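Chemist: Below: one structure in structure tokens.
Any read-out appearing in this document is the output of simple, stated calculations on the displayed coordinates, not a laboratory observation. Predicted model only: the values in this text are computed from it and were never measured. Positions of Cβ are backbone-derived with ideal geometry, glycine not excepted, and every protein chain shown enters the neighbour counts.
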Amino acid sequence: MGSNSTDTCGDNSSEKNNSCIEMLNLVLDDEATEQQKADFEKHMEQCMPCYENYKLDVVIKQLIKKTCCGKKVPQTMVEEIRSKVFLKAD
Ligand SMILES: [Zn+2]
């Protein structure tokens with residue numbers, strides 16, 4: 001609550017946002033180190049865009065994994081589905 005935004009990577013700082021998404025993917029693919037995971041979790045507490053992304057990607061990846069027998073999910077597929085979800089929700 002409140003409008004005191006501290007360390008967020010909203011739509012206006014694409015550079016920062018990019019590294020967040022990279023980290024997000026490492027975590028989701030279970031390739032992040034414990035340190036990276038901890039950093040990411042800390043960051044998510046203050047970063048709504050990342051948190052929303054994270055929740056959505058987790059759901060999408062789990063869904064795909066189920067239907068693709070646990071194969072690694074290509075990020076392009078996740079993005080495609082995500083964009084469809086957002087279109088639908090709009
Ligand atoms: Zn972020």
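Chemist: If I ask for residues that are out of contact with any helix residue (DSSP H, G or I) (no Cβ under 9 Å at 6 or more places or on another chain), in contact (Cβ under 8 Å) with a residue 24 or more places away in the chain and among the polar types (S, T, N, Q), which ones from region 15-72 would you list?
Modeler: Selection gives Gln46 alone.
Chemist: For region 49-81, how many residues meet the condition of being farther than 16 Å from Glu22 by Cα and either surrounded by 15 or more Cβ atoms within 10 Å (Cβ to Cβ) or among the aliphatic types (A, V, I, L, M) (or both)?
Modeler: Within region 49-81, residues that are farther than 16 Å from Glu22 by Cα and either surrounded by 15 or more Cβ atoms within 10 Å (Cβ to Cβ) or among the aliphatic types (A, V, I, L, M) (or both) number 5.
Chemist: Also, quick follow-up: Take region 47-60 and flag every residue that is more than 8 Å from the chain's Cα centre (by Cα) and more than 8 Å from the ligand (Cβ to nearest atom).
Modeler: Across region 47-60, the qualifying residues are Met48, Val59, Ile60.
Chemist: Can you pull out every residue in region 25-52 that is part of a helix (DSSP H, G or I) and over 18 Å from Arg82 (Cα atoms)? Spell out how you get there, then give the answer.
Modeler: From region 25-52, those part of a helix (DSSP H, G or I) are 25-28, 34-44, 48-52; that's our starting set.
Matches in region 25-52: Glu34, Gln35, Gln36, Lys37, Ala38, Asp39, Phe40, Glu41, Lys42, His43, Met44.
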